[in-house]
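Below is one structure, written out as structure tokens; the observations come after it.
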Amino acid sequence: MRRAAALVLTLVLGAAVAAAPAPAAVAPWQAFDTIDHRLFDAQTELILTDAGVAARDVRAARAAYGGDLRAALQEHAPAADRAARRALRRAQAAVAADDDLALAAARGDLRGALYRGSYAVTLAAVRAGDAQTAAAWLKLREFRTATRFTRPGVDATRAVRDLARGETTPPEAALIVEKDLLDAYQARLREHLADADAAGEKGNDARRGEAAAHAAGSFAILADRYEEERGAQERARATEAFARLRAAAIAADDDAYAAARADVDAALEGFTAAPFTPEEAARRAQQLTRFLALVPVEYERGVDGDRVTLDFEIQEAIAFAGGAQAAFGDLRDQLADRDPRATEQIATGLAELEAIVKRAGEQPTGVATEDDVQARTDRIEALLDATYPEAWKASTDDSDFDLIQITLDRMEAAIGAGQYGQAEQARLEAYAFFEFGPERRLQGFDPALTNEVEGLIWFGARGEEGLAQLIADHATRRDVRPTRLALDQALGDAQATLGDSTSRATVVTNAAIIVFREGLEAVLILAAITASFAGARRRERRPVLIGAGLGLLVSVVTWIAAQTLLESLAQYGEKLEAIVGLVAIGVLLLITNWFFHKVYWTGWISSFHKRRKRILQGDRFMFFSAQAVGLCLLGLTSVYREGFETVLFLQSLELSAGTVAVLEGTALGLALTLGVALATFALQRKLPYKKMLIVTGVMIGAVLVMMVGQTVRTMQGTGWVPITPLDVDIPYWAGQWLGVYPTWETIGAQVAAMAFVIGSYFLAEEIRIKRPRRRARRAAAAAPATAGETPPPAEPEAGREPIGGRAHP
Amino acid sequence: MPRTALLALLACVALVAGCGGEDDDGATSAATATTAAAEADLGAIKEYLLEHADRLVAETESLQRDAEAYHALAERYDFDYARMLADDREQVTQLIDRMQRTFQAANPAYEEMEGVVAGVPALADYDVQIDAGADGSDPENAVAFTIETPAGRTFEQPGNFFFLAETSLWGTEERFVAEGVEPDLDGDGEVTFGEALPDADFLVAVARDFHATAQDLREDAEAWEPNEADALTALVVMTPTMSEYFAAWKNSRAIAGEDATESGFVAASRLQDIADILGGLVLVYDNVRPLIAQADEAQAQQTGRSLQELHDFAARLRDEEADGKRFTAQDADTLGSEAQDRAEAIAGQITQAAEQLGIELQA
């Protein structure tokens, strides 16, 4: 009986144990959190309560170091496992001795060891294609501190996710994960060292000890990469320097700490654990170049001699100097490989430049002059140009987008401070960075998106008000925010678009559209002017067409020149566009005036018999020369005004899409333009003369009004003309196609142009018809009293006005 | 006896079998997550925001009422504060005391929602005006407004509203207090901390504008359409601001005493602010957690736990300080650094979550 009972008991016990669920596995990050936080609790207890309570926390931390966490470290990172166990023992000894410094250092050691172990396990899992394990261990890591331009990296997370989905291979994913983690740990290493220094200055030995120990642990993660680059001997030297740093911090020995710190700095000089890809390096190089170039520009606006006049501009100069320094820091290693001496000089130059502009931010007088700042910048630029590889000298869109964002941030800051003049200046600068940077290429890939970005910067798009309107209305920062967010989104889309490869068909189509759109405007002007040249006056078409041909030729020359001069041309692009536009308008105004008078005037002079031949001869001799020059100039400016801008757009497109595709698109666009031109000229010949005149007059007026609107808008972009927005909702395409923009200046100029055109017509009417009619009436009224006198010339008949000399006797 | 022992043993076995394994957040939460909704409850975040905005409006209205009464009283005495205090001590003291208490109620009303207000781009400007903005000496972070007093004085970009009200009510900023009078409110011949006579002309102008701004915030909060990007951005942006909050705590009266370089945070310790802000962020996170869990349950657990622990950490320090514990500047450095480390880890985790959800974090 007893035996049976024992047997039953055994069976029941066995079943119960088998039925009890197994202890749930503790995720690595959970175990780490428990260990780390219990150790910190111990540190806190040494502050708040006593060592007894702290000891309990350390015991709990030691107990938590087990399970999967420890097993994985033992397998993949045995050195990290040993370091972790050592750290926990030290922690226990530290609380027993009520030694907060030793406890803090032990915690720093432990964190370094566990992150190092996690790094090894994560990579091993990725290389083995085990995405699930990798994802679990990836939660046990450090991140870069977030700043405006450096969010915590997500590349590793993304790579592991892609690995899980089979969208990438283990070796590819491992490369990305390794790069992300090394970058983060190197950033954190710098931060731990800075923390240690700051803590030492404040006399916080415990904090210094923890940070120094953690820094040594972080270096251990980078050590393999360090050895790859510098060799085993240098690795040993660097490791030893970190060990001395840690020991000095724990011993609270300031002198030893300073000496070890100098050795650590020397060891890390120029070392980048996660080297940039060639594209990343080129981007940083362009950022350095662009930021550096802007330092004297902003500084010059903010000083007068040695006196600060505009603090806002100085702050911008400081921001750009800091940006240049940061970019240089990332490239220093690669530059030093090429030319160590020049790199040292650049480093010294940048540090001095930054110090100078910062001083101007702290004191209003006795600051460096703009010439001094410019000279220093020029020297650094020359050194960079001599040291950069060729690939780093090519302009990239990414640095342009960075500059746009920095400048928009400045704009928002100015709005927040109620400084709307400065905000407007910043807005125009941001627009200039866009206009002469990414826009040219973006036009070729996505013209609609280009319009949206422009609209958001100016007068509205995507359902939001434009920044120009908001600044003019003195909107608050809160009101500006939605537009800024929409603009950030649009710029992000633009950056993504430019980063993607685009189909050949899209490039050809977009190039054709650009050429056709720009060409259409020129055709309209030429058709309007040449329409009236029929019959004997037909030859007067020639100077116009010659001018047009010259305009085409100059455009082609510009294309060739742009291959090498694109940067210079782009820099002055909008100003040049504005100047050419003004010339075109001036010539068109003259021709319009001449046109109306010529059409009606010729008949009027026919009454002067004695003088007619001479005048006509003089007309053909003198006026023809002036006329020919004017018509030629009109033809040239009409075509070149469009040609210049088109060349720049197509150049940018060619850089990314290749010459053949762009030339195909250009040819297609030109063909379409030519077709429209032929149709227009054919239509002119078919129209009844009077109707054709009316159509011509209207066309000239329309072209003039459109040209005036666009040119004034361009001049607003260069800052030559102010911007006073109208509270009217005008779609952005109206501006692009009709030159209609919602500002007082553009609309006002167009109204003035229309008044001129209409005024010219009525003036011509007055001179040709009404005044002679009045005179004829007066003469008729006086006729009975003067019988026998020669009757006055008959009033010219309407509808038979001499054109092109047809009415000449 | 053996039968009894057998029964007892069986009972123990049954008990052990029923208990299961180690209590593990992962296992229980995993089971819970399968039934949890996979959407963020953004409505709860908005409700939280509106409730706190209502409180702030009510408190600032009360502050304005008392500031108007204080101004009227001072005006009766032709702004001769010494005479006012001598002749009407009781009323003056009551008004000051009431306004100080109103301030102490208004502060958490805002701080508890600051995480949302400051973290959401559409509302962030209010944080500048109400709590975070500097004065004109820091143009990039300065408030945009100017205070215009009934007497016609103007104070351009003077600093944020909480700073203005607090330093005036507690007398820690000379520019904002009555001149030519010792603020010995209780008449005991000694001026102790908390005894102050604000400049009535200045205070009433601040109170009016503060109330108007609170009303604007309430209106815009009502109009705000919360989205997932807003919520995650608020968490990423606000959580890592721990170091500056702890730095303000270190420089405040609570740590530095009479050597304090920070004239604010005298009415309420910065630790209270920190705990309140984190409490708000915990609420925000709790409401977006189901969304994150949808993409990565383990990540959702990790971040939730980290954020709660950070909040508990700050709350514990607050409670210890309120119980009389005096922290040194070194303690504040150590504790602040730890909080910052944890906060940055949380920000990093949420960034990963946003990536997995395909949500773009805003500026």
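The values are calculated or read from the model by the stated rules, or taken from the named source; none is laboratory data. Because the structure is a prediction, the values reported are computed rather than measured. Backbone-built Cβ (ideal geometry, glycine too); neighbour counts: all protein chains shown.
Assorted remarks:
- Filtered by the rule that a residue be away from chain B (no Cβ under 14 Å) and surrounded by fewer than 24 Cβ atoms within 10 Å (Cβ to Cβ), the stretch A:200-221 gives a lone residue, A:Ala220.
- No other residue among B:Gly152, B:Gly159, B:Gly119, B:Gly136 is more than 18 Å from B:His52 (Cβ to Cβ), touching a residue at least 24 places away in the same chain (Cβ under 8 Å) and either of a type outside the set (D, E, K, R) or surrounded by 15 or more Cβ atoms within 10 Å (Cβ to Cβ) (or both) apart from B:Gly159.
- Qualifying residue in the stretch B:274-292 (condition: within 14 Å of chain A (Cβ to nearest Cβ), in contact with a helix residue (DSSP H, G or I) (Cβ under 9 Å, 6 or more places away or on another chain) and either outside any helix (DSSP H, G or I) or at pLDDT 90 or above (or both)): yes
- Pairing each residue of the stretch A:444-461 that is on the phi > 0 side of the Ramachandran plot with any residue that is outside any helix (DSSP H, G or I), provided the two are 6+ apart or on different chains, yields C-beta distances under 8 Å for A:Gly460/A:Gly466; A:Gly460/A:Asp729.
- Among the candidates B:Val236, B:Val177, B:Val206, residue that is among the aliphatic types (A, V, I, L, M), in contact (Cβ under 8 Å) with a residue 12 or more places away in the chain and more than 18 Å from B:Ala267 (Cα to Cα): B:Val236
- Single unsatisfied condition, B:Ala300 versus (1) more than 10 Å from chain A (Cβ to nearest Cβ); (2) more than 30 Å from B:Gly358 (Cβ to Cβ); (3) in contact with a Lys or Arg (Cβ under 9 Å, 6 or more places away or on another chain); (4) not aromatic (Phe, Trp, Tyr): (2)
- Condition check for B:Asp138: within 20 Å of the chain's Cα centre (by Cα), within 24 Å of A:Phe312 (Cβ to Cβ), within 14 Å of chain A (Cβ to nearest Cβ) and of a type in the set (Asp, Glu): no
- Positions within the stretch B:303-340 being of a type in the set (Asp, Glu) and within 9 Å of another protein chain (Cβ to nearest Cβ), in sequence order: B:Glu309, B:Glu320, B:Asp331, B:Asp333, B:Glu338
- Out of A:Ala72, A:Ala54, one residue alone is at pLDDT below 95 and not charged (D, E, K, R). It is A:Ala54.
- Identity of the residue in the stretch A:299-327, among the acidic types (Asp, Glu) and away from chain B (no Cβ under 14 Å), that ends up nearest to A:Leu428 (Cα to Cα): A:Glu300
- Looking at the stretch A:328-444, the helices (runs of 4 or more DSSP H) lying wholly inside it that each contain 2 or more residues that are within 14 Å of chain B (Cβ to nearest Cβ) and either modelled with pLDDT of 85 or more or surrounded by 22 or more Cβ atoms within 10 Å (Cβ to Cβ) (or both) sit at A:397-416, A:420-435.
- One residue stands out in the stretch A:245-262 among those that are in contact (Cβ under 8 Å) with a residue 12 or more places away in the chain and surrounded by fewer than 17 Cβ atoms within 10 Å (Cβ to Cβ): the one that is farthest from A:Phe433 (Cα to Cα), namely A:Ala252.
- For A:Ala282, the requirement of being within 29 Å of A:Ala386 (Cβ to Cβ), assigned by TED's automatic domain parsing to the domain that holds A:Val357 and at pLDDT below 95 is met.
- Yes/no for A:Arg484 being surrounded by 19 or more Cβ atoms within 10 Å (Cβ to Cβ), modelled with pLDDT under 85 and within 14 Å of chain B (Cβ to nearest Cβ): no
- Considering residues of the stretch B:346-363 that are assigned to a helix (DSSP H, G or I), more than 7 Å from every other protein chain (Cβ to nearest Cβ) and not β-branched (Val, Ile, Thr) only, the residue nearest to B:Phe246 (Cα to Cα): B:Gln349
- Take the conditions (1) more than 25 Å from the chain's Cα centre (by Cα); (2) modelled with pLDDT of 80 or more; (3) surrounded by 21 or more Cβ atoms within 10 Å (Cβ to Cβ); A:Leu552 misses just one of them, which is (3).
- Residues in the stretch B:98-116 that are charged (D, E, K, R) and either touching a helix residue (DSSP H, G or I) at 6+ places or on another chain (Cβ under 8 Å) or touching a residue at least 24 places away in the same chain (Cβ under 8 Å) (or both): B:Arg98, B:Glu111, B:Glu112, B:Glu114.
- Helices (runs of 4 or more DSSP H) (entirely within the stretch B:74-131) containing at least 1 residues that are away from chain A (no Cβ under 14 Å) and of a type in the set (Phe, Trp, Tyr): B:81-87, B:89-119
- Counting only residues that are aliphatic (A, V, I, L, M) and closer than 24 Å to B:Ala300 by Cβ, the stretch A:89-148 holds 11 of them.
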